[in-house]
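Working notes, beginning with the structure itself.
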Amino acid sequence: MLLERLNDLGARSLKAASQGKFSMSQVESELNIRFTDGYKSVLKSFSGPIFFDRGAAYKSVQKSPVDNADSFQSLEVLYGRQGDSNLVYKNKMYKDQIPEGYVVIGESVGGNQICISRSSGKVFFWFHEAELRDNYLFEVSNSVDNFLENLVRDDMQNSDKREIDESGSFLDF
């Protein structure tokens, strides 16, 4: 079901560079988390970072400062197990910024991050420009599987004309 949903959105994995290749058990061990079987199947099917040719958006449980009027927000990429945008490297990169107890799994608009809580398994949006440190995490979904199942086509950014090259850059012509 999750793979079908992602395929409907034009999900594809970029070619992974030779560096940064991790097995599923290595990723879980490095990040000190156990992913759901559904999310593991996604990470196994798309080993590199996942981009969406048709665009992907999600609706938050808790409205954030960057949601559109309908509480939707664009999902730019889901991190994979390989390549420059892999889960292990991205979590090391955000280690001193993301609150302890959270694992980054993807990126939303403007460098904001999508995170999973290690304790509850809930998915959150991390707003990196928040001025008040107590208002920077916004609940998106009760689980990563639910988050992925409820992704919709991103019509906010005219996705039909949006292409992503092999480097992960967006080409809008």
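The values are calculated or read from the model by the stated rules, or taken from the named source; none is laboratory data. Everything numeric here is computed off the predicted structure, so don't read it as measured data. Cβ placement follows ideal geometry from the backbone for every residue including glycine, while neighbour counts extend to all protein chains displayed. Surface accessibility is based on the protein's heavy atoms, side chains included, excluding ligands, DNA and RNA. Shrake-Rupley method; radii C 1.70, N 1.55, O 1.52, S 1.80 Å.
For the stretch 6-52, rounded, prolate or oblate, judged on the Cα gyration tensor with a ≥ b ≥ c (square roots of eigenvalues), a/c < 1.5 rounded, else prolate if a/b > b/c?
In terms of gyration-tensor shape, oblate.
Given the peptides 84-91, 5-12, arrange them by the average over their residues of other C-beta atoms within 10 Å, most packed first.
84-91, 5-12
GluC sites (Glu not before Pro), restricted to the stretch 30-109: which are DSSP loop and have at most 14 other Cβ atoms within 10 Å?
Passing both the DSSP loop test and the Cβ count: Glu100.
With a 1.4 Å probe and every protein chain left in place, work out the accessible area per residue of the stretch 3-105 in Å², rounded to a whole number.
Value for the stretch 3-105: 48 Å² per residue.
Taking a virtual spin label 7 Å from the Cα of Glu139 along the C-beta vector, which residues in the stretch 89-130 bring their backbone nitrogen under 11 Å of it?
The answer is 122-124, whose backbone nitrogens lie closer than 11 Å to the label point.
Run the numbers for Glu100 and Arg118: contour at 0.36 nm per residue of separation, minus the present Cα-Cα distance, in nm.
Separation in residues times 0.36 nm, less the Cα-Cα distance, equals 5.6 nm.
When a/c is below 1.5 the answer is rounded, else prolate if a/b is larger than b/c, else oblate, so apply that to the stretch 1-111 with a ≥ b ≥ c taken from the square roots of the Cα gyration tensor eigenvalues.
oblate
Taking amide H positions as placed in the peptide plane 1.01 Å from N, state which residues far from Gln113 in sequence (5 or more) or on other chains have amide H under 5 Å from it.
Ser108, Trp126, His128
So how much slack lies between Lys44 and Met24, counting 0.36 nm per residue of separation and subtracting their Cα-Cα distance, in nm?
Between Lys44 and Met24, full extension yields 6.4 nm more.
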